[in-house]
Amino acid sequence: MIKNDLPNTSLKTSDFYYDLPNELIAQTPATPRDSSRLLVIKKNGDIEHKHFYDIIDYLKPDDTLVINDSRVIPARIYGEKVRDVGNYVSAPSKIETLLLKQIKNNEWEVLLRPAKKIKIGGKIKYDATLTATVIDTVEDGNRIVKFEYDQSQFSTIFEVLEKIGSMPLPPYITEKLTDNERYQTVYARENGSAAAPTAGLHFTPELLEKIKAKGVAIVPVMLHVGLGTFRPVKAENITDHIMHSEYILVSEESAKTINERKAKGGRIVAVGTTSCRTLESASDENGKIMPTSDNTGIFIYPGYKFKAVDTLITNFHLPESTLLMLVSALRGRDKIMEAYKIAVEEKYRFFSFGDAMLIE
């Protein structure tokens, strides 16, 4: 388990609060993807207002753009509690299951609603092809379940989810998503996330090709996004908050490319807080990226000294969230909160389907 060792800070969760009108919470993604707006915080502190397709003007030929190629799975499924052998309880026993993290093979940590109806040993039937047995409980009331499915029809649980699951959109998005691929990055590859690495949603294949043509290296890492990243910070002092762990992977090839280009003076540009957390977790004290396959519970907040990441592309995050704290660590709380105030005044769109920010 990778964690960070940070000094104590006097900052409180309330120091990261800001007012946001509901109408600025984006309900649908921008079309095309790169037409979203882009707020740029320059190295000298100046703020510029652009569109995301202008991002190429802020990238340099020796930069390395680090992306998270994890793919969101249709992780929300609905079933019924099984009573005895094949007998079902009445309609109120409908069980919502949200897959959070794969433990091993077909064992997953899940969130059940209502959880109190399902004890250890309890079974849930979703359709003719999929059932689950609760085998353990974990912190915050989550469960560990073991899925069983017809292996003559499906080779993996992910194939079953593609058939019966729905995208686990955040609760602040109330409009129905008509195309599931709009909640995926165009470079999403490895199934495993319970939420999208949303900073990457702004890239189009065409924009990525232009960035490559400029000489920028585009390098994948992976962090399977769990809901723990988005859980509210309930502690008064931010140092009392405990992050949930998420699986990360940095290949030897990716580590080699990043290290070689950084050694030549190039910047490491992280696409999103997930790529940022992956790089900082996989970095040694000198900023060298190590090949890594591990779980990380790194919590980055003001006072943290970045070892690997130079520049960050990110969305606008919820008030009092760990993601807002991470962004504040990179440029300073006061500057970030000023930028957020300006973004509200300029009516930027916020959160998962919202606009983007570039912090040089």
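Looking across the range 11-54 at every residue that is without any contact (Cβ under 8 Å) to a residue 60 or more places away in the chain and over 28 Å from residue 181 (Cα atoms), the one that is surrounded by the most Cβ atoms within 10 Å (Cβ to Cβ) is identified as 48. Of the residues that sit in the range 319-355 and are touching a His at 6+ places or on another chain (Cβ under 8 Å) and in a loop (DSSP other than H, G, I, E, B), which one is surrounded by the most Cβ atoms within 10 Å (Cβ to Cβ)? Applying the filter and picking the extreme gives 351. Could you grab me the full set of residues in the range 267-305 that are charged (D, E, K, R) and surrounded by 21 or more Cβ atoms within 10 Å (Cβ to Cβ)? Across the range 267-305, the qualifying residues are 277, 280.
Checking the stated criteria, residue 177 turns out not to satisfy the condition of being in a loop (DSSP other than H, G, I, E, B) and within 20 Å of residue 113 (Cα to Cα). Of all residues in the range 141-162, those being within 28 Å of residue 231 (Cα to Cα) and loosely packed, with under 13 Cβ neighbours inside 10 Å number 1.
Scanning the range 282-318 for residues that are of a type in the set (Gly, Ala, Ser) and in contact (Cβ under 8 Å) with a residue 40 or more places away in the chain yields 282, 293, 297, 303, 308.
For the range 114-121, the criterion of being under 30 Å from residue 25 (Cα atoms), loosely packed, with under 14 Cβ neighbours inside 10 Å and either touching a residue at least 12 places away in the same chain (Cβ under 8 Å) or not acidic (Asp, Glu) (or both) is met by at least one residue. Checked against the criterion of being among the hydrophobic types (A, V, I, L, M, F, W, C) and closer than 21 Å to residue 324 by Cα, the candidates 217, 188, 199, 213 yield just one match: 199.
Any read-out appearing in this document is the output of simple, stated calculations on the displayed coordinates, not a laboratory observation. Here the structure is a predicted model, which is why all the values come from computation and not from measurement. Here the Cβ is made from the backbone with ideal geometry for all residues, glycine too, and neighbour counts use every protein chain on show.
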